[in-house]
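In what follows, a structure is listed as structure tokens, so that the remarks can point back to it.
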Amino acid sequence: KLVSAIEAGLDISNLPANLTSRWDMGSAFFFCGTIITTIGFGNLSPRTWFGQFFCVCYALVGIPMFGILLAGVGDHMGTVLRRAVAKIEKLFLVRMVSPSRKLNLCLNLGRHTI
């Protein structure tokens, strides 16, 4: 393989002396994240049959778990947004309309017909 790579144009003079695998800790987390988020860039992939099988099993468990996590985050964000809107509405309604004026408006709306 090395001879065919050199014949194909591989310049071995530019290779570092301590050539290591592309699987460092950062690449592993990146790969796991692309699997469970179903992005799958395809720039990293397991080569062995066992690695590919493990990756499929990891995806079958990880994708639904990530979906549950995402749904929980969405529910939490919706609750926070609802509370914030309610506080803002309450703040503006208290400042703009006095209680006696609000009561008069409610009573007058009931008398008018369209």
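The values are calculated or read from the model by the stated rules, or taken from the named source; none is laboratory data. Remember, predicted model here, so these are calculated numbers, not experimental data. Cβ coordinates were reconstructed from backbone atoms using ideal geometry, including for glycine residues, and neighbour counts include every protein chain displayed.
Values as computed for the structure displayed
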item: Conditions (1) at pLDDT below 85; (2) in contact with a Cys (Cβ under 9 Å, 6 or more places away or on another chain): number failed by Ala5; result: (2)
item: Cβ pairs under 6 Å, 6+ apart, first in the stretch 26-50 and in a loop (DSSP other than H, G, I, E, B) and hydrophobic (A, V, I, L, M, F, W, C), second surrounded by 11 or more Cβ atoms within 10 Å (Cβ to Cβ) and modelled with pLDDT of 85 or more; result: Phe41/Thr34; Leu44/Phe31
item: Some residue of the stretch 36-46 being at pLDDT below 75, surrounded by fewer than 10 Cβ atoms within 10 Å (Cβ to Cβ) and over 18 Å from the mean Cα position of the chain (by Cα); result: no
